[in-house]
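Have a look at the structure below before the remarks.
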Amino acid sequence: VPACFTIDPIVGPEGGGPVDNPFAAEAREDPYPIYRRMREAATAHDTMFGVPAYLRYADCAAILRDGRWGRGSGSDRLRGAEDKGNRRSFVRQDPPEHTRLRGLVAKAFSPQVIAAMRPRIEQLAEGLIDDMFATGGEVELLAQYAYRIPVTVICEMLGVPAEDQVTFSRWARFLARGQDPEEVLTPDEARRRNGAIRNFREYFRELIAKRRAESTTDLLGRLIEAREAGDSLSDADLLATCVLLLFAGHETTVSLISNGILALLRNPDQLARVRDNDLPEQSSFIDELVRYDAPVQFVSRTALQELEHDGRRFAKGEHVLLILAAANRDPEAFDDPERLDVARPNSRHLAFGLGIHFCLGAQLARLEGEIAIRTLLRRAPAMALTPEPLTYKPNIIMRGLQRLPVRLK
Ligand code: HEM
């Protein structure tokens with residue numbers, strides 16, 4: 001094991017020796033036992049990125065809620081050089097700029113707009129399932145189903161023509177891997193990520209120009225129209241927002257659907273409860289699936305001023321990693337946290353973040369996930385995994401399956 005792959009506890013009275021590295025390739029399939037050992041060994045751990053990681057619910061929630069922590073321009077150290085091109089996107093900004101941009105976008109992203117999308121998403125899911133049955137019983141669910149729903153939905157929202165959607169999902173895949181810290185990317189992966197950002201920006205530059213000339217009622221059209229107190233989105237803001245929405249609404253929801261189906265297939269009693277709609281009212285099986293296996297494993301924050309957290313001092317500009325996927329299995333916050341329990345009463349998991357950056361697309365992701373999973377379980381009640389071994393993408397932040405081969409009947 002290379003030296004950089006051992007992680008030492010750095011805070012907390014418990015001490016303890018090195019634990020395995022949850023970011024190592026061997027941990028992709030199941031990082032959860034490593035997260036558990038880390039969480040139990042100490043409050044914070046030094047990582048191979050030279051940035052401490054917090055894994056307990058209380059720390060992650062406190063830092064996400066604390067306005068002294070933010071995105072800070074310094075967090076670019078954890079990102080790609082060229083990715084700075086999308087620094088204007090509001091997930092990367094702090095108030096007051098974040099408040100302004102998010103406010104303008106949220107207007108075009110209202111609960112009514114999302115709820116009105118139900119029939120279209122249902123139609124999409126049914127159509128894709130028809131196609132899968134038509135090609136025979138054995139299918140690869142990731143490409144044939146899990147990718148297709150979120151990509152189509154976000155592209156239709158933005159007004160991207162159907163013929164460009166395949167290209168888009170390839171770029172989004174490069175971007176997903178490119179979110180990981182530079183240290184773990186190969187030169188090829190970094191190059192593909194930078195190329196994808198350039199391509200996205202080029203593409204949307206043209207689309208925005210078209211929409212400015214001829215107004216439309218899709219999300220992009222509404223973003224152009226969105227105004228508040230004389231304020232509006234500049235072309236640069238629009239560009240950054242389009243890339244953010246396309247990307248944020250993409251790989252994450254793909255993982256929700258595919259990780260979720262996998263977790264249910266591995267827990268047949270839980271699958272039966274979802275399929276038979278045998279769930280208490282105050283539960284949400286979708287929230288339980290993202291708690292259990294979070295599509296975004298961690299986020300980073302930067303100290304916006306000198307501060308102290310849990311006895312440790314941070315200078316302005318210092319970073320931390322908050323391992324949401326580990327916090328979501330903290331026994332201090334959840335009963336029997338390693339167990340998938342689709343009937344769990346509403347839980348305050350962190351899979352969609354918390355505080356001012358709480359996922360703007362959470363309602364859309366829940367709707368897509370619910371329709372995708374329920375429709376599939378209804379149409380293919382006897383669905384089963386094939387013996388083919390499962391492989392994961394190399395991504396550490398946006399952990400997800402590479403393929404999900406199943407038999408539909
Ligand atoms: C922010 C997760 C789907 C749009 C976030 C954050 C997380 C997250 C953890 C917070 C990032 C941080 O605090 O640093 C997820 C998951 C999804 C999902 C797990 C699916 C299961 C979506 C969808 C959209 C979307 C479908 C839109 C189409 C956004 C945006 C932000 C965000 C715009 C930035 C919010 C801000 O900075 O104020 N998401 N997301 N997400 N998400 Fe999602």
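The values are calculated or read from the model by the stated rules, or taken from the named source; none is laboratory data. Note that this is a predicted model, so its numbers are computed, not measured. Cβ placement follows ideal geometry from the backbone for every residue including glycine, while neighbour counts extend to all protein chains displayed.
Observations on the model:
- A single member of Ala240, Ala236, Ala272 is farther than 27 Å from Ile396 by Cβ and at pLDDT below 95, and it is Ala236.
- A single entry from Leu233, Leu264, Leu271, Leu238 fulfils the requirement of being crowded, with 19+ Cβ neighbours inside 10 Å and without any contact (Cβ under 8 Å) to a residue 40 or more places away in the chain: Leu238.
- Selected residue [at pLDDT 95 or above, closer than 29 Å to Pro119 by Cα and in a loop (DSSP other than H, G, I, E, B)] from Ala343, Ala372: Ala343
- Breaking point among (1) touching a residue at least 12 places away in the same chain (Cβ under 8 Å); (2) under 23 Å from Tyr57 (Cβ atoms); (3) surrounded by fewer than 20 Cβ atoms within 10 Å (Cβ to Cβ), for Arg339: (1)
- Neighbours by Cβ (under 6 Å, 6+ apart or cross-chain): first from the range 133-160, over 27 Å from Ala116 (Cβ atoms); second of a type in the set (S, T, N, Q) and within 16 Å of the ligand (Cβ to nearest atom): Leu142/Ser258
- Every pair of residues 6+ apart whose Cβ atoms lie under 9 Å, when the first sits in the range 364-385 and is within 16 Å of the ligand (Cβ to nearest atom) while the second is among the acidic types (Asp, Glu): Arg366/Asp287; Ile371/Glu122
- Residues of the range 265-290 that are in contact with a strand residue (DSSP E or B) (Cβ under 9 Å, 6 or more places away or on another chain) and among the aromatic types (Phe, Trp, Tyr): none at all.
- Answer residue from the range 85-111, given it is within 16 Å of Met157 (Cβ to Cβ) and among the small types (Gly, Ala, Ser) and is modelled with the lowest pLDDT among those: Ala108
- The range 329-358: number of residues that are within 11 Å of the ligand (Cβ to nearest atom) and within 30 Å of Ala41 (Cβ to Cβ): 9
- Which listed residue, of Ala294, Ala333, Ala351, Ala315, is touching a Phe, Trp or Tyr at 6+ places or on another chain (Cβ under 7 Å) and either over 21 Å from Ala365 (Cβ atoms) or crowded, with 23+ Cβ neighbours inside 10 Å (or both): Ala333
- Selection of the range 115-163 for residues being acidic (Asp, Glu) and under 15 Å from Ile261 (Cα atoms) yields only Glu140.
- Qualifying residue in the range 387-397 (condition: within 16 Å of the ligand (Cβ to nearest atom), surrounded by 14 or more Cβ atoms within 10 Å (Cβ to Cβ) and at pLDDT 95 or above): no
- His319 away from the ligand (no atom under 14 Å from the Cβ), more than 30 Å from Arg205 (Cβ to Cβ) and either touching a residue at least 24 places away in the same chain (Cβ under 8 Å) or not small (Gly, Ala, Ser) (or both): no
- Scanning the range 316-333 for residues that are farther than 28 Å from Glu368 by Cα and in contact with a strand residue (DSSP E or B) (Cβ under 7 Å, 6 or more places away or on another chain) yields a count of 6.
- Positions within the range 278-315 being of a type outside the set (Asp, Glu), touching a residue at least 24 places away in the same chain (Cβ under 8 Å) and over 26 Å from His250 (Cβ atoms), in sequence order: Leu279, Pro280, Gln282, Ser283, Ala303, Leu304, Gln305, Leu307, His309, Gly311, Arg312
- The residue that is farthest from the ligand (Cβ to nearest atom), counting only those in the range 126-154 that are farther than 17 Å from Arg407 by Cα, under 21 Å from the mean Cα position of the chain (by Cα) and in a helix (DSSP H, G or I), is Arg148.
- Pairs linking a residue in the range 22-37 that is farther than 14 Å from Lys393 by Cβ to a residue that is β-branched (Val, Ile, Thr) and surrounded by 19 or more Cβ atoms within 10 Å (Cβ to Cβ), with Cβ atoms under 6 Å and 6 or more positions apart or on different chains, are Pro22/Ile34; Arg37/Val19.
- Scanning the range 64-74 for residues that are at pLDDT 95 or above and either of a type in the set (Gly, Ala, Ser) or surrounded by fewer than 21 Cβ atoms within 10 Å (Cβ to Cβ) (or both) yields a count of 6.
- Enumeration of residues in the range 380-409 that are in a strand (DSSP E or B) and over 16 Å from Glu29 (Cβ atoms): Ala384, Val406, Arg407
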